[in-house]
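Worksheet: one structure, shown below.
The values are calculated or read from the model by the stated rules, or taken from the named source; none is laboratory data. Source: prediction; values computed, not measured. Methodologically, a virtual Cβ is constructed for each residue, glycine included, from the backbone with ideal geometry; neighbour enumeration extends over all protein chains shown.
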Amino acid sequence: MIDNDFLASYSMFGGLEDWELDLVQSFLKTRLYESGSTILSQGEQNSAVYFIVSGEVAVFRRSEGKSGLGHQIATLTVGDSFGEMELIEINNCAASIVTTVPTQLVSLSNAHFYQISVTSLRTYTMLILNLARDISRRLRAADELLALINVH
């Protein structure tokens, strides 16, 4: 069930008050996907951030100029999100996302973020700050991996 406690378990909704979580809930779109469904394809446009309610997805990245899915670089499960980068930089997908089991997702689109900003600038600001923090954490983790690779 998608309720305020569920939303509060995601870092992107940290610091939001109950009324703000209610506002966010009014914009959430829920979808169920079968195992093996492609949610996002690398190089294509994306205009939403996705939150995993149940199930699991694999993240694939291919080298420039190559075809197919490429290499699996991560597995995401309940409590994880994806699609944030495209919301910030308004660019094509950096990776492909494929379900590995039946999966339920909820999403917020760019249009929903805009509507939230018009309704409550504070809520929008908190969401964007939290989103930036999540991306920063991922960048730090990637930097650490690169440092380890370069040492060996």
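Within segment 59-85, work out how many residues are farther than 19 Å from residue 141 by Cβ and either within 15 Å of the chain's Cα centre (by Cα) or surrounded by fewer than 12 Cβ atoms within 10 Å (Cβ to Cβ) (or both).
Adding up the residues that qualify gives 7.
Within segment 49-69, does at least one residue satisfy the condition of being in contact (Cβ under 8 Å) with a residue 12 or more places away in the chain, acidic (Asp, Glu) and part of a loop (DSSP other than H, G, I, E, B)?
Scanning segment 49-69, I find no residue that is in contact (Cβ under 8 Å) with a residue 12 or more places away in the chain, acidic (Asp, Glu) and part of a loop (DSSP other than H, G, I, E, B), so the answer is no.
Would you confirm, using the coordinates I've provided, whether residue 117 is of a type in the set (Ser, Thr, Tyr), out of contact with any strand residue (DSSP E or B) (no Cβ under 8 Å at 6 or more places or on another chain) and closer than 19 Å to residue 29 by Cβ?
For residue 117, the condition - of a type in the set (Ser, Thr, Tyr), out of contact with any strand residue (DSSP E or B) (no Cβ under 8 Å at 6 or more places or on another chain) and closer than 19 Å to residue 29 by Cβ - is met.
Mind checking whether some residue in segment 31-41 is touching an Asp or Glu at 6+ places or on another chain (Cβ under 8 Å) and surrounded by 13 or more Cβ atoms within 10 Å (Cβ to Cβ)?
The answer is no, given that none of the residues of segment 31-41 is touching an Asp or Glu at 6+ places or on another chain (Cβ under 8 Å) and surrounded by 13 or more Cβ atoms within 10 Å (Cβ to Cβ).
For segment 1-31, which positions are among the hydrophobic types (A, V, I, L, M, F, W, C) and either farther than 16 Å from residue 113 by Cα or out of contact with any helix residue (DSSP H, G or I) (no Cβ under 7 Å at 6 or more places or on another chain) (or both)?
If the condition is that a residue be among the hydrophobic types (A, V, I, L, M, F, W, C) and either farther than 16 Å from residue 113 by Cα or out of contact with any helix residue (DSSP H, G or I) (no Cβ under 7 Å at 6 or more places or on another chain) (or both), then 1, 2, 6, 8, 19, 28 are the ones that fit.
Looking at segment 1-44 only, could you name the residues that are part of a loop (DSSP other than H, G, I, E, B), closer than 15 Å to residue 108 by Cα and under 16 Å from the mean Cα position of the chain (by Cα)?
Matches in segment 1-44: 10, 27, 28.
Would you check if there is a residue in segment 132-149 being under 22 Å from residue 2 (Cβ atoms) and of a type in the set (Ser, Thr, Tyr)?
no
Given the criterion under 19 Å from residue 61 (Cα atoms), at pLDDT 90 or above and in contact with an Asp or Glu (Cβ under 8 Å, 6 or more places away or on another chain), identify the matching residue among 123, 99.
So the residue among 123, 99 that is under 19 Å from residue 61 (Cα atoms), at pLDDT 90 or above and in contact with an Asp or Glu (Cβ under 8 Å, 6 or more places away or on another chain) is 99.
Pairs only if they're at least six apart or on different chains, beta carbon under 6 angstrom, first in segment 125-152 and assigned to a helix (DSSP H, G or I), second among the β-branched types (Val, Ile, Thr); list them, first residue then second.
If the second residue must be among the β-branched types (Val, Ile, Thr), no pairs are left.
Considering only segment 70-95, state which residues are within 23 Å of residue 145 (Cα to Cα), in a loop (DSSP other than H, G, I, E, B), in contact with a helix residue (DSSP H, G or I) (Cβ under 8 Å, 6 or more places away or on another chain) and at pLDDT below 90.
Scanning segment 70-95 gives a single hit, 94.
Among 44, 34, 17, which is touching a residue at least 60 places away in the same chain (Cβ under 8 Å) and either in contact with a Phe, Trp or Tyr (Cβ under 6 Å, 6 or more places away or on another chain) or over 20 Å from residue 79 (Cβ atoms) (or both)?
That would be 34, the only listed residue that is touching a residue at least 60 places away in the same chain (Cβ under 8 Å) and either in contact with a Phe, Trp or Tyr (Cβ under 6 Å, 6 or more places away or on another chain) or over 20 Å from residue 79 (Cβ atoms) (or both).
Can you pull out every residue in segment 102-127 that is within 13 Å of the chain's Cα centre (by Cα) and over 19 Å from residue 80 (Cβ atoms)?
110
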